Amino acid sequence: MFSFVYKNIDFAHKLDKPSSPTEEYYKHIHSFYEILYFVTGKVTYTVESESRPLCEGDIVFIPPGKYHFAAVDLSASYERYVLKLPESAVPDFVGKKLVSGSSFYGNSKKFGALFNSLDSYIGQYTDEETYTLFVADASKLMVMLCHETPHSGGKHNKLINALIDYVDANIYKPINTQMLADEFHYSKSFINIEFKKQMKIPIMQYVRSKKIMAAHQMILGGAKKSDVAEMFGFETYSTFYRAYKQLIVDSGSEIV
């Protein structure tokens, strides 16, 4: 097992045993790419509206700005590799290819040797050399994933999927529960209950988080925070900045 945090990457090989979990498996969202290679355990993983029980060798590819969480049964040990990389480390053609479909890749045991090689770098090379090898292997993996077929037929909730698509398509516009109720012809309470049941988060908290993530991308591109706050419909700059600081800075949602 290892944990390697250096410059703008965070790579780890983790093993949680029934008696000693290493982390809480809570819903979260962040501004970097995350790749999970599942070794063993009893885990159901959710990315946005898609949930799937993981099998040995599965890969979960999580783009920036996607809510995700794991439901872990720690009656069995949970072993996985977790690779976190900033957008700057992912070639544009790779990002566009891999975010277009499901986040889940099955029958990926053939990549096991690549992940196992990560362990061998620790202690044999300097941090700079290890960083270079890790980024090279991650790039190789992502290029190879572009030629794999993602899982199909995962468990979806059609309403939740439609709500997420609507939020993504209207991220620059004001969004509230009444608008969603009118658009989808359900009551506000039904939408709130169903969304929280599936996503483990209130829908307006989800909307705000997605807006903050989209704003963060514009800020990284050079936009002024005050201009971005107005563009995304925040009533005041202070309201925007508090939400931005909580989600991006304080929560560790970025690794750059």
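The values are calculated or read from the model by the stated rules, or taken from the named source; none is laboratory data. Quick caveat, the model's predicted, so the values are computed rather than measured. Cβ coordinates were reconstructed from backbone atoms using ideal geometry, including for glycine residues, and neighbour counts include every protein chain displayed. Ligands, DNA and RNA are excluded from the accessible area calculation, which covers all protein heavy atoms including side chains. Shrake-Rupley method; radii C 1.70, N 1.55, O 1.52, S 1.80 Å.
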Within region 105-161, restricting to residues that are open to solvent by 40 Å² or more (accessible area, probe 1.4 Å), in contact with a strand residue (DSSP E or B) (Cβ under 9 Å, 6 or more places away or on another chain) and of a type in the set (Val, Ile, Thr), the one that is modelled with the lowest pLDDT is Thr149
- prompt: Quick one: is Lys96 under 22 Å from Asp16 (Cα atoms), modelled with pLDDT under 95 and surrounded by fewer than 20 Cβ atoms within 10 Å (Cβ to Cβ)?
  reply: no
Lys197: passes all of (1) under 20 Å from the mean Cα position of the chain (by Cα); (2) surrounded by 12 or more Cβ atoms within 10 Å (Cβ to Cβ) but (2)
Per the filter on region 128-165, residues over 18 Å from Met1 (Cβ atoms), among the charged types (D, E, K, R) and assigned to a helix (DSSP H, G or I) are Glu128, Glu129, Lys140, Lys158, Asp165
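Please work out if Tyr81 is open to solvent by less than 10 Å² (accessible area, probe 1.4 Å), of a type in the set (Ser, Thr, Tyr) and part of a strand (DSSP E or B).
It is true that Tyr81 is open to solvent by less than 10 Å² (accessible area, probe 1.4 Å), of a type in the set (Ser, Thr, Tyr) and part of a strand (DSSP E or B).
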Result of the Cβ filter at 7 Å on region 92-109, keeping first residues that are over 12 Å from Val47 (Cα atoms) and partners that are outside any loop (DSSP other than H, G, I, E, B) and among the aliphatic types (A, V, I, L, M), at least 6 apart or interchain, is Val94/Met142; Val94/Val143; Leu98/Met142; Leu98/Leu145; Tyr105/Ile59; Tyr105/Leu145; Ser108/Ile59
For region 131-147, pairs from a residue that is free of Cβ contacts under 8 Å to residues at least 24 places away in the same chain and more than 17 Å from Pro63 (Cα to Cα) to a residue that is open to solvent by less than 20 Å² (accessible area, probe 1.4 Å) and not hydroxyl-bearing (Ser, Thr, Tyr), with Cβ under 8 Å and 6 or more apart or across chains, are Asp137/Leu118
The helices (runs of 4 or more DSSP H) lying entirely within region 196-249 that contain at least 3 residues which are under 29 Å from Leu159 (Cα atoms) and of a type outside the set (Asp, Glu) are 203-220, 237-244
The residue from Glu56, Glu34, Glu50 that alone is in contact with a Pro (Cβ under 9 Å, 6 or more places away or on another chain) and in contact (Cβ under 8 Å) with a residue 40 or more places away in the chain is Glu34
Of the candidates Ile164, Ile193, Ile203, Ile171, the one satisfying the condition of being of a type in the set (Val, Ile, Thr) and without any contact (Cβ under 8 Å) to a residue 40 or more places away in the chain is Ile193
